[in-house]
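Participant: Sending over a structure as structure tokens; questions will come in a sec.
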Amino acid sequence: FRSSNTTSGVFVGVGQYGKTFRSIDNGTSWDNETCQILEKSLKGVTYGNNTFVAVGESSSGVESHNSVGRVIRSTDNGSSWINSTSGILNRQLNGVSFGNNTFDVVGASGNTFDSTNNGSTWNDRLTPAIYENLYGVSFGNNTFVAVGNSGWIVRSTDNGSSWDNVTSVDSTILNGVSFGNNTFVAVGSGGKIIRSTDNGSSWDNVTSVDSTILNGVSFGN
């Protein structure tokens, strides 16, 4: 599973061929809820306001520019899904997060999209001077933080309407980011782990465990 989230006792996983899976027994067993909307991959999923939102791409375009971005949403705990791409450009979508009653999606060529109506329609927001792919996004302390190619980090304090460039510590590809205990933590290639304790304004290097590519990070307890 590429990603999962939990609410009301439901875990949802998404992945290749547009498939979605769900578990109502804390991951002990899983139902295959095959999604017929996408031909390719779902790359991220999150939950907010009684809605699951999953994002990905549905064409054979390699690394974004020919890919068709797709968003699907579910309001019945992942039992069924509907297409929700109003306002989405033809760009691969890689990550999605929820905060302040807003869903934010990030993708190829620095494209970001936000929705304040639970994913029914989306607003196109291009991050300033960034044409690299963004892979992960997270929310904390009223701030969205997104990470991607060449170590790019961008942040938004207005729910994704506008984004500020944040100088990265180096050019390492960053694949995932999460928030907990007033700290953003991002991970990427070469075992890179960095963290920010000022809502993404500045970042410190954290010693990596080895040179493994790190794709995701999450927080709990």
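The values are calculated or read from the model by the stated rules, or taken from the named source; none is laboratory data. What you are looking at is a predicted structure, and each value in this text was computed from that prediction instead of being measured. Here the Cβ positions follow ideal geometry from the backbone for every residue, glycine too, while neighbour counts run over all protein chains shown. For the accessible areas, the whole protein counts, side chains as well, though only heavy atoms, and no ligand, DNA or RNA atoms are used. Shrake-Rupley method; radii C 1.70, N 1.55, O 1.52, S 1.80 Å.
Participant: Relative to the Cα centre, what is the charge dipole magnitude of the chain, using +1 at the beta carbon of each Lys and Arg, -1 at the beta carbon of each Asp and Glu, and rounding to the nearest 20 debye?
Facilitator: On the way: 12 positive and 17 negative charges, 45 e Å.
I would put it at about 220 debye.
Participant: If a/c stays under 1.5 just call it rounded; otherwise compare a/b with b/c (prolate if a/b is bigger, oblate if not). Do that for region 178-221, with a ≥ b ≥ c from the square roots of the Cα gyration tensor eigenvalues.
Facilitator: Values: a/c = 2.36, a/b = 1.46, b/c = 1.62.
Here region 178-221 falls in the oblate category.
Participant: Among N182, N83, N94, whose mean-square fluctuation peaks in a Gaussian network model of the chain (Cα, cutoff 10 Å)?
Facilitator: N182
Participant: In whole angstrom, note down how far apart the Cα centers of region 70-108 and region 154-185 are.
Facilitator: Distance between centres, Cα-based: 19 Å.
Participant: Order F21, F184 by their accessible area, 1.4 angstrom probe, all chains in place, largest first. Don't skip to the end; give the middle numbers.
Facilitator: Working: F21 50, F184 0 Å².
Greatest to least solvent exposure: F21, F184.
Participant: To the nearest 10 square angstrom, how much accessible area does R22 have with a 1.4 angstrom probe?
Facilitator: Result for R22: roughly 40 Å² accessible.
Participant: Under a cut-off of 28 Å between alpha-carbon atoms, report the lysines in cross-link reach of K19, not counting same-chain residues fewer than 8 places apart.
Facilitator: Excluding near neighbours in sequence, the set is K40, K43.
Participant: Could I ask something else about it? Which order do K19, K192 take by accessible area at a 1.4 Å probe, largest first?
Facilitator: Details: K19 70, K192 35 Å².
Sorted descending by solvent-accessible area, the residues read K19, K192.
Participant: With a probe of 1.4 Å, find how much accessible area the chain has per residue, and write the answer as a whole number in Å². Don't skip to the end; give the middle numbers.
Facilitator: On the way: 9830 Å² over 221 residues.
Ligands and nucleic acids excluded, the result is 44 Å² per residue.
Participant: Quick one: ranking R73, R195 by accessible area, 1.4 Å probe, largest first, what do you get? Write down the numbers at each step before the final one.
Facilitator: On the way: R73 35, R195 100 Å².
Descending order: R195, R73.
Participant: Would you work out what percent of the accessible area of the chain, with all protein chains in place, is carbon or sulfur (probe 1.4 Å)?
Facilitator: Working: 4040 of 9830 Å².
Carbon and sulfur: 41 percent of the exposed surface of the chain.
Participant: Could you check how many percent of all C-alpha pairs in the chain are farther apart than 23 Å?
Facilitator: Working: 10152 of 24310 pairs.
Tail fraction, whole percent: 42.
Participant: So which chymotrypsin sites (Phe, Trp or Tyr not before Pro) in region 94-135 are both in a DSSP loop and have at most 13 other Cβ atoms within 10 Å of their Cβ? Intermediate results must be reported in sequence, preceding the final value.
Facilitator: Values: sites: F98, F103, F113, W122, Y131, Y135; in loops: W122, Y131.
The qualifying sites are Y131.
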